[in-house]
Amino acid sequence: MNAEVEPSTPRSARARWLRRGVPIVFLGVVGWLVEREVGDFDLPAMQRALLGVPTLPALAIAAFALVAVAFTGLIDVILARWLALGLRAREAFRLAFVANTLSNTLNLSGAVGSAVRLLGLSAHAVELGRGAALVGMQVLSLPLGLSALIVLAFVFGEIPDSLRGAAHGLGIVLMGTAALYLPAFFVLTSRRRLMGWLPEGQALPGLPLRLGLALVSLADWLFAAGVLHACLAISGVAVPLPLFVAIFAAASIIGLLSLVPGGLGVFDSVLLLALSAAGQAQGPVLAGVFLFRVAYYILPLFIGLLLGSTMLAGRMPALTRARERLRSHPLFGLLGLPASLLAGLGMRLLALLTFAAGLLLLGSAVIPAVHEHIEVVDAVLPLAAVEGSYWLSILSGVFLLGLARGIDGRLRVAYRLALPLLLASAVLAVTKGLHFGEALFLLGVAVLLRARKREFSQRAMSLTSAMTFGWLAGLVAVVAAFFAIGIGNIFGDDSFDLFYFGADGHSSRLARGFVAALVGLVAWLIWQAFAVRRPAPKRPDRSELERARGVYAANGAGEFGHLSFMGDKPLFWSGDGHAVVAYGTVRDRLVALGSPCGPPSAIRQAILDFRRFADAQDRVPLFYEVFERDLSLYHDLGFDLFKLGELAMVPLAEFTLTGKRWEDLRQAVNRAARENLVFAVLEPPFDTVLMSELERVSDDWLAEKDVAEKGFSLGRFDADYLGWSPVAVVRRDDAIVAFANLLTPYGSDDVLSIDLMRHVEGAPRGTMDFLFARIMQWGRERGHAWFSLGMAPLSRVGDNPYARINERLAALAFQYGGRFYNYQGLRRYKDKFAPRWVGAYLAYPRGTWVPGLLIDVAALVAGGYRRFLFGGRD
């Protein structure tokens, strides 16, 4: 039932290091080459080139880029027909578009696009083997066109010139190797032994199919090259077509080999190096590459996210089942596919886009505005409005950087603040300097957020998680960079005057923007501390406890329902109000005590409601001590299970003080008679005199054991709590020497159990055995079927070589941990009552680290981490 994380092998460890190391190496090499060959970036020249781009041709190129990205889906359509998947062309195109836009941006060696395809096809009820075959053929087919382009570049003889100034020899080797892929594909795909991963009975791809895939792939790469060529052309870069094809092919192959998502930085640097070596000016080249990134990557990504959210959001149950089926597929494991990608389709990307929106606002504040644009705005708006727009855009930028964490966590309040901020920032982008491209990007992010409105269901999140600190580090880094660049600008301006207001007062405006950045950072920290804090759980009052008692009386209270009357645990009610469960909180865990109580038909929904309740607070939902009868339900609802121990259940119909089986208890009863011990069951309400006597016994027991009261799954001495049920006492000469509160059955339950079991230090030997024997006799006389002796922790946990690793470690604690807790002694003591043992389990979300959960639950039972770590009494 548990999807354990496989242990790391040397091969998988090497693969991880390669995935991390190769991009760093490539980025370092191209960065060094750019520094050596090009020097500093001429950002003002890039800005001037972008401002000179005509609007209508730019829009036409954006439309052309969408067509180019969509055209890639033709490979999926061809393969779907060849494999007879029964998928309509329209559905194949849509799924391919979503997969390709995410893959273009994230890359990860094709893993993201493959993950989307596999999960999407499985959700469309496509047989797993055939869906994997489509993915495999698509991955093999896509590079064919690039290989063909490289062959064409060699034919035109442009390779040596295009790489002049870069790593010439290495470039020739890489491109020569890539050119061999085209003939290798035709040879290898004709070998049945090498294509054994195709579905059984599926014919090998014929020559017409392979030629068709190669031609479509070539057209696809030519489309991409056409988009880049058009972006460069409208930016003022004129490159002969043969030379451009060679440069594009070289940059593409090096970008793919770098394993950097989208080839970002590597592809762009190779283009800049090669075009600069060809005599092109740096500013227009940078502008053209920037336009290409926007047109071919960012804009299609926006559309893909919108399509994905509408196309796949309604298929989440099917996608969840598909994800579980795919875990065992070799292709899934080979590619290291992100199993949860579609479950949160695009939410992380939306968070990154929100962060990018804040970064863009701060970045545009650092770059000097075009003087002519400022003058145009000054002619329409008062100077104060222009200066205010600049100041407020920095404030909004810092807030958007911070809100990205909330967007990533699906936080409702973050969405409600980010959406108007994006819309307002788009207006500010225009009023501060006619930054229309910036405004369009901000509006695009706002549209994407609005399309995913329903998914922002979280009401709180952890402020101390590693994820939160990671986003915070990004925020601080960007703000620090903003200050560093700004200070550099100010020190470089000899005429700097903080209070100068005018079209040419960039340094003064930037210095005043520092105040906005600081105000934004402090305001965001204060807002986050109060707005996203988890609500304090409300403990139940008497009326709520009476309501819960009504549910128990009608449907049963399970093993732990009565413990809710301690009043130390909040009560969670299902959405329909028919089921209830007590719970506790520790760190970011929400721990339910047992299964929900209520009508059998309401339990499943109550578990789901509790999980959503925990998710809304960014907490981990746990169900502590659930029993064997409910295990299939928790498994079906996505929980893993860890065995905590076994519950000792005595069948009262078999209980008697005669015979060898009950010899120890019979001796305890006989000894009690000689010691003048008297047993009685007292019914509530109890007077203060009795409560004082019981408290004396309890205090004596706590002092003797040198322990503090515990909680959660264990009762504590409390007069109000004891007043909810009968109390069994043992007296000696009219003085109470031992007692236990009885948890009598509710509703359809037929299990009698006890909670507090305490005795004075000088109680005669065997007093507690006498107490248990009489309680069981009392329960049998009243027709109860079972008596629960409670759990023996870690009993029969991990006691075979096939048990999971966490449970085998727990078995070592049971065997050798007697110094800290008498696990084996407790099991032996309960064994003398000849009980039936019932397994008790912890239900937890898949992928959660179990030892950490057990430590948290132990701290919860102990009354907090201070008591858990240092022990002692109050």
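How many of the residues making up the range 193-227 are farther than 17 Å from Ala132 by Cα, over 39 Å from the mean Cα position of the chain (by Cα) and surrounded by fewer than 18 Cβ atoms within 10 Å (Cβ to Cβ)? Total satisfying the criteria: 7. Apart from one condition, Ser258 fits all of (1) surrounded by 23 or more Cβ atoms within 10 Å (Cβ to Cβ); (2) hydroxyl-bearing (Ser, Thr, Tyr); (3) closer than 27 Å to Leu79 by Cα; the exception is (3).
Within the range 431-451, can you find the residues that are more than 26 Å from the chain's Cα centre (by Cα) and assigned to a helix (DSSP H, G or I)? Within the range 431-451, Thr431, Phe436, Gly437, Glu438, Ala439, Leu440, Phe441, Leu443 meet the criteria.
Within the range 834-850, the set of residues being open to solvent by 40 Å² or more (accessible area, probe 1.4 Å) and either over 30 Å from Glu654 (Cβ atoms) or not in a strand (DSSP E or B) (or both) comprises Arg846, Gly847, Trp849. Residue selection: Gly283 satisfies the criterion of being assigned to a helix (DSSP H, G or I) and within 24 Å of Thr55 (Cα to Cα).
Residue-by-condition table, conditions (1) hydrophobic (A, V, I, L, M, F, W, C); (2) at pLDDT below 90; (3) closer than 24 Å to Arg459 by Cα:
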position: Gly561; (1), (2), (3): no, yes, no
position: Pro570; (1), (2), (3): no, no, yes
position: Trp573; (1), (2), (3): yes, no, yes
position: Val580; (1), (2), (3): yes, no, yes
position: Tyr583; (1), (2), (3): no, no, yes
position: Arg589; (1), (2), (3): no, yes, yes
position: Ala592; (1), (2), (3): yes, no, yes
position: Ser595; (1), (2), (3): no, no, no
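Before we move on, is Trp527 at pLDDT 90 or above and within 28 Å of Val413 (Cβ to Cβ)?
On the way: at pLDDT 90 or above: no; within 28 Å of Val413 (Cβ to Cβ): yes.
Taking the combined requirement at face value, the residue does not satisfy it.
If the condition is being farther than 11 Å from Val729 by Cα, touching a residue at least 60 places away in the same chain (Cβ under 8 Å) and open to solvent by 30 Å² or more (accessible area, probe 1.4 Å), then the range 754-771 contributes Glu761, Arg765.
Screening Gly145, Gly120 for residues that are modelled with pLDDT under 80 and closer than 27 Å to Gly206 by Cβ leaves exactly one candidate, Gly120. Residues in the range 682-714 that are surrounded by fewer than 13 Cβ atoms within 10 Å (Cβ to Cβ) and within 14 Å of Phe739 (Cα to Cα): Glu683, Ser692.
Checking the condition at pLDDT 90 or above, outside any strand (DSSP E or B) and polar (S, T, N, Q), which residue from Ser698, Ser713 passes? The match here is Ser698.
Before we move on, is Ala602 in contact with an Asp or Glu (Cβ under 8 Å, 6 or more places away or on another chain), of a type outside the set (Val, Ile, Thr) and part of a helix (DSSP H, G or I)? Answer is yes for this residue. The sole residue among Ala233, Ala133 that is out of contact with any helix residue (DSSP H, G or I) (no Cβ under 7 Å at 6 or more places or on another chain) and at pLDDT 90 or above is Ala233. For the range 452-471, a residue qualifies if it is open to solvent by less than 50 Å² (accessible area, probe 1.4 Å) and in a helix (DSSP H, G or I), and the qualifying residues are Glu455, Thr468, Gly470, Trp471. Of the helices (runs of 4 or more DSSP H) entirely within the range 46-150, those holding at least 2 residues that are without any contact (Cβ under 8 Å) to a residue 24 or more places away in the chain occupy 55-71, 73-82, 89-106.
Check the range 650-658 and report whether any residue there is under 22 Å from Gly779 (Cβ atoms), open to solvent by 60 Å² or more (accessible area, probe 1.4 Å) and modelled with pLDDT of 85 or more.
Yes, the range 650-658 contains a residue that is under 22 Å from Gly779 (Cβ atoms), open to solvent by 60 Å² or more (accessible area, probe 1.4 Å) and modelled with pLDDT of 85 or more.
The values are calculated or read from the model by the stated rules, or taken from the named source; none is laboratory data. On a predicted model such as this, the values are computed, not experimentally measured, just so you know. Using ideal geometry, Cβ is built from the backbone for each residue, glycine included, and neighbour counts are taken over all protein chains shown. For accessibility, only protein heavy atoms count, side chains too; no ligands or nucleic acids. Shrake-Rupley method; radii C 1.70, N 1.55, O 1.52, S 1.80 Å.
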